[in-house]
Amino acid sequence: MTKILKATYMENCIGCELCVLETQRQLKKVGLEGAPIRIFRKRKEKSEYLEFGIEIDPRISSLDIEKVKNICPRAVFELVEDNGETSGFNS
Ligand code: SF4
């Protein structure tokens with residue numbers, strides 16, 4: 001069965017964008033434009049601290065997602081079995 005990349009532990013994300021840069025490296029693209037992973041910053045409710053959201057385009061499956069998973073310093077990602085529920089962006 002196919003494995004997909006899932007941001008299971010999104011609350012651990014520090015917004016470093018290393019995962020985004022890894023996808024762009026694999027796609028041989030410069031900059032963050034059009035990357036299959038997008039990181040969103042938002043202010044935590046009733047707090048001065050930021051938290052991060054992650055959107056993953058399913059087309060990322062054409063890349064080496066093991067490398068994308070492993071580059072994250074906060075172990076945010078997991079490789080999980082694709083159960084066919086993935087459509088559009090997941091977060
Ligand atoms: S590499 Fe990990 S910590 Fe850094 S932005 Fe991506 S998910 Fe967040």
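Just so you know, all these numbers are worked out from the coordinates, no wet-lab data involved. Worth saying up front: this structure is predicted, and the values here are computed from it rather than measured. In this analysis, Cβ positions are derived from the backbone assuming ideal geometry, glycine residues included, and neighbour counts consider all displayed protein chains.
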In the range 6-63, residues that are part of a loop (DSSP other than H, G, I, E, B) and either under 13 Å from Phe77 (Cα atoms) or near the ligand (Cβ under 10 Å from one of its atoms) (or both) total 8
Log entry, pairs with first residue in the range 70-84 being among the acidic types (Asp, Glu), second being part of a loop (DSSP other than H, G, I, E, B), beta carbons closer than 8 Å, six or more apart or on different chains, reads Glu78/Thr8; Glu78/Tyr9; Glu81/Met1; Glu81/Thr2; Asp82/Met1; Asp82/Thr2
Given the criteria assigned to a loop (DSSP other than H, G, I, E, B) and not hydroxyl-bearing (Ser, Thr, Tyr), does Lys67 qualify? no
